1. Which one is nearest to the ligand (Cβ to nearest atom) among residues in the range 215-241 that are part of a helix (DSSP H, G or I) and of a type in the set (Lys, Arg)?
2. Evaluate the range 141-148: report whether one residue or more is open to solvent by 40 Å² or more (accessible area, probe 1.4 Å) and either assigned by TED's automatic domain parsing to the domain that holds SER245 or in contact (Cβ under 8 Å) with a residue 24 or more places away in the chain (or both).
3. Considering each residue of the range 81-102, count those that are more than 16 Å from LEU152 (Cα to Cα) and touching an Asp or Glu at 6+ places or on another chain (Cβ under 8 Å), and give that number.
4. Hey, can you tell me all the residues within the range 119-139 that are touching a helix residue (DSSP H, G or I) at 6+ places or on another chain (Cβ under 7 Å) and either within 10 Å of the ligand (Cβ to nearest atom) or in the same structural domain as THR57 (by TED's automatic domain parsing) (or both)?
5. When LEU250 is evaluated against the numbered criteria (1) modelled with pLDDT of 95 or more; (2) touching a helix residue (DSSP H, G or I) at 6+ places or on another chain (Cβ under 6 Å), which criterion, by number, is the only one it fails?
6. So, of the residues in the range 152-182 that are open to solvent by 80 Å² or more (accessible area, probe 1.4 Å) and without any contact (Cβ under 8 Å) to a residue 60 or more places away in the chain, which turns out to be nearest to the ligand (Cβ to nearest atom)?
7. List the pairs whose first member sits in the range 103-131 and is charged (D, E, K, R), whose second member is near the ligand (Cβ under 10 Å from one of its atoms) and open to solvent by 10 Å² or more (accessible area, probe 1.4 Å), and whose Cβ atoms are under 9 Å apart, counting only residues at least 6 apart or on separate chains?
8. Can you tell me which residues in the range 46-95 are touching a residue at least 60 places away in the same chain (Cβ under 8 Å) and in a helix (DSSP H, G or I)?
Amino acid sequence: MLYHLFGDCQLSCLPLTVTWQTPSCLAAAQNLAKTYQLNLAKTVGCNSSDLYSLYLTEERLELICHYKGTTKTHRIFAEFLKGPLGYRRLKGGGRNQAIAKAVGLKSLTPPLTILDATAGLGADSFVLASLGCQVHLLERSPIIAALLLDGLKRAEDQKEITEIIQKMQVTVEDARKILRDLPNENCPDVVYLDPMFPPKRKNTLTKIEMRIIRDIVGDDVDAPELLSLALKRAKRRVVVKRPRSAPILLGRTPSFLITGKSNRYDIYLTGGNANTSC
Ligand SMILES: C[S@@+](CC[C@H](N)C(=O)[O-])C[C@H]1O[C@@H](n2cnc3c(N)ncnc32)[C@H](O)[C@@H]1O
């Protein structure tokens, strides 16, 4: 796993602190606070406003959040071996999954190179890497990137998934800059986009996770510009993941759609394959 940190990426301007679990985590917490120019705080817990903290535990880095007026602590972190991604790796549909069809795993020559321009916590990239794709992940939020890199670092030592993690390379940068500067010979087969979309409901666990990420990164209002750049740089196709009923981006009709229970993939064929489908 290779990575480059920061570039011109901006930190969130939320009330964000760094906290730690045990005395043995303090030195690492101090380093983190220095890197991100955040304040150290012994505890996160007060009901006067929403509060967020990067929390260093013995095991991992978490982003924890207390919403105003509630007592529950929400936490997010990147996890590749266990949890939903572990289950999906072992019991998911493999190459029959909608995401595999969307990137063209069956029709394009392997190994596919994929630029995931909206990496987040890396779940979609991990699925694609586990299907044999070589994935370059771009994430512009340094906070989300720190969680992603922490998850990947732990995963590197987990032998069941080491080989998958080796197919994932991270750059912390705005994808628009990377796409603009990309030399022709380095253009990926597929550019994958999963920009933030305003939620309809806030009552499920996934929605809370997405709500916290949105609090940190905001809505991705520049998604149309990202799609426009991606269409110029992807050698074979651009895949946009959208909520099932969301409008298409840019008002540009996709070559075809793959629609699931809650999500939809809009596929734009580019280059020489604009007449073929998945
Ligand atoms: C909905 S999340 C992606 C979730 C991801 N697909 C996953 O499986 O975990 C969108 C992420 O894209 C990032 N993002 C949006 N626009 C970006 C851009 N132009 N460059 C880099 N990252 C971007 C946001 O910071 C956010 O973390």
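1. Once the filter is applied, the top-ranked residue is ARG233.
2. Checked the range 141-148: no residue is open to solvent by 40 Å² or more (accessible area, probe 1.4 Å) and either assigned by TED's automatic domain parsing to the domain that holds SER245 or in contact (Cβ under 8 Å) with a residue 24 or more places away in the chain (or both).
3. 1
4. Of everything in the range 119-139, those that are touching a helix residue (DSSP H, G or I) at 6+ places or on another chain (Cβ under 7 Å) and either within 10 Å of the ligand (Cβ to nearest atom) or in the same structural domain as THR57 (by TED's automatic domain parsing) (or both) turn out to be ALA119, GLY120, LEU121, GLY122, ALA123, ASP124, PHE126, VAL127, LEU128, LEU137, LEU138, GLU139.
5. Result: LEU250 passes all but (1).
6. The qualifying residue nearest to the ligand (Cβ to nearest atom) is ARG180.
7. Matching pairs, first to second residue: ASP116/ASP124; ASP116/GLU139; ASP116/ASP194; ASP124/THR118; ASP124/ASP194; ASP124/LYS241.
8. ARG89
The values are calculated or read from the model by the stated rules, or taken from the named source; none is laboratory data. The structure displayed is predicted, hence computed values, not measured ones. Neighbour counts run over all protein chains shown; Cβ positions are idealised from the backbone, glycine included. The area values use the complete protein model at the heavy-atom level, side chains included, leaving out ligands, DNA and RNA. Shrake-Rupley method; radii C 1.70, N 1.55, O 1.52, S 1.80 Å.
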